Amino acid sequence: MRLDNESFIYGYLGVLIISVLIIIWNTIHGKPYSDLSSIICASIASASFFKYKKNKRMRSLFAGLLAASASIACLILYFAFGA
């Protein structure tokens, strides 16, 4: 179980790093980037809500709400201006 958890963390970190590099590249070249930003924020929101469900810490709930709001905002930007 611990190996699965650690491998998931490293996999998530790899996806996050590549996504941030693509976002930087797209920003420099004037291409839309809010699609990847939305995916990253949705992932953070999901993880935060799961943590809140398990430990009931308000900071996890706050992080989840903040990340979910950012994800929705990025999706709106993408569909309104980026597509």
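Values in this text are rule-based calculations from the coordinates and carry no lab data. In this text the structure is predicted, and so the values were computed from the model without any measurement. Please note: Cβ atoms are built from the backbone with ideal geometry, for glycine as well, and neighbour counts cover all protein chains shown.
With the simple spin-label model, which puts each label point 7 Å out from Cα in the Cβ direction, the Phe8 to Lys31 separation comes to 3.1 nm. One chain, two ends: Ala47 and Leu77. Fully extended at 0.36 nm per residue, the span grows by 8.5 nm beyond their Cα-Cα distance.
The mean sequence separation of alpha-carbon pairs under 8 Å and at least six residues apart, normalised by the residue count of the stretch 2-82, gives a relative contact order of 31 percent.
Considering only the Cα atoms of the chain, their convex hull presents on average a projected area of 6.0 nm². Which is the longest run of the chain containing none of the trypsin sites (Lys or Arg not before Pro) found in DSSP loop states (not H, G, I, E, B) with at most 16 other C-beta atoms within 10 Å? For trypsin sites (Lys or Arg not before Pro) (loop position, at most 16 other Cβ atoms within 10 Å), the longest site-free span of the chain is 1-55.
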